[in-house]
Amino acid sequence: MSEVKLAATVRTEFGKGAARKIRRAAAVPAVLYGHGSDPIHLTLPAHDTAMALRTPNVLLALDIEGKGSELAIPKAAQRDPLKGSLEHVDLLLVKRGEKVTVEVPVVAEGELAAGGNLLEHVLNTLSVEAEATHLPESVTVSVEGLEAGASVTAGAIALPKGVTLVTDADAVVLQVLAAQAEEPAAEAATEGDEAAEA
């Protein structure tokens, strides 16, 4: 995974007013924490940060003004519920070679067996442990030809080299459901209504 470089400045003003001022200046407030050190309050460029966060578990190389360079991964991002713009970002400080636990999206590929079956995502993400500089963006699962009643457990999913599963291996991630016919249920409801009216 490649690193995304972001320029960061240390924040000295806090509170809602200061955060609004930062956002008006096309920036986003952030906090960098981890390794037992005191949290560092930062300001990041809003557009570049939003673009970087489109990649799950992106590795950020922060060039912090006056403090040098640090590596971090995003832990939480708060967004404006209406505009979708970034409001605040929590970052976890990481070191090269260090293992971290992250949530990785599960991507299903392939066609189910014929018959109009439905694929249910019981889990949308897997919890995995990997080196901070080699975090997978996602894991892909083939559902090619799976029949109704089939399921895929976390332990059956092939993970990239150096990635360890943290989610319970027996946890169902995907399952194939038989297509349901809705019309008989609707007819039964109508018959029930007629009986009630009589």
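The values are calculated or read from the model by the stated rules, or taken from the named source; none is laboratory data. The model shown is predicted, which means the values in this text are computed figures rather than measured ones. Every residue, glycine as well, gets a Cβ built from its backbone with ideal geometry; the counts of neighbours run over all protein chains shown. Please note that ligands, DNA and RNA were not included when accessible areas were found on the heavy atoms of the full protein model with its side chains. Shrake-Rupley method; radii C 1.70, N 1.55, O 1.52, S 1.80 Å.
Structure notes:
- Unique match (being hydroxyl-bearing (S, T, Y) and either part of a helix (DSSP H, G or I) or touching a Gly at 6+ places or on another chain (Cβ under 7 Å) (or both)) among T101, T55, T133: T133
- Breaking point among (1) touching a strand residue (DSSP E or B) at 6+ places or on another chain (Cβ under 6 Å); (2) more than 20 Å from R54 (Cβ to Cβ); (3) without any contact (Cβ under 8 Å) to a residue 24 or more places away in the chain; (4) open to solvent by 30 Å² or more (accessible area, probe 1.4 Å), for A148: (3)
- Selection count where residues are in a strand (DSSP E or B), open to solvent by 40 Å² or more (accessible area, probe 1.4 Å) and not β-branched (V, I, T), scope the stretch 10-44: 5
- Residues within the stretch 16-46 that are out of contact with any Asp or Glu (no Cβ under 9 Å at 6 or more places or on another chain), over 18 Å from K95 (Cβ atoms), without any contact (Cβ under 8 Å) to a residue 24 or more places away in the chain and not hydrophobic (A, V, I, L, M, F, W, C), tallied: 4
- Considering the stretch 111-126, and only residues there that are in a strand (DSSP E or B) and within 30 Å of L91 (Cβ to Cβ), the residue that is least open to solvent (accessible area, probe 1.4 Å) turns out to be L126.
- Looking across the stretch 58-97, just one residue is closer than 21 Å to L6 by Cα, acidic (D, E) and in a loop (DSSP other than H, G, I, E, B), and that is E65.
- A7 fulfils the conditions (1) open to solvent by 90 Å² or more (accessible area, probe 1.4 Å); (2) farther than 24 Å from K99 by Cα; (3) outside any helix (DSSP H, G or I) except for a single criterion, (1).
- Just one of the listed residues (A178, A189) is modelled with pLDDT under 55, of a type outside the set (S, T, N, Q) and open to solvent by less than 60 Å² (accessible area, probe 1.4 Å), and it is A189.
- Flag for T167 being hydroxyl-bearing (S, T, Y), closer than 29 Å to H35 by Cβ, touching a residue at least 40 places away in the same chain (Cβ under 8 Å) and assigned to a loop (DSSP other than H, G, I, E, B): yes
- Neighbours by Cβ (under 6 Å, 6+ apart or cross-chain): first from the stretch 127-145, open to solvent by less than 40 Å² (accessible area, probe 1.4 Å); second at pLDDT 90 or above and among the hydroxyl-bearing types (S, T, Y): S127/T167
- Taken as a whole, the structure places L59 among residues that are open to solvent by less than 50 Å² (accessible area, probe 1.4 Å) and at pLDDT 85 or above.
- For the stretch 96-110, a tally of residues being surrounded by fewer than 12 Cβ atoms within 10 Å (Cβ to Cβ) and either charged (D, E, K, R) or touching a Pro at 6+ places or on another chain (Cβ under 6 Å) (or both) returns 2.
- Any hit, the stretch 16-29, residues being within 23 Å of S138 (Cα to Cα) and modelled with pLDDT under 85: no
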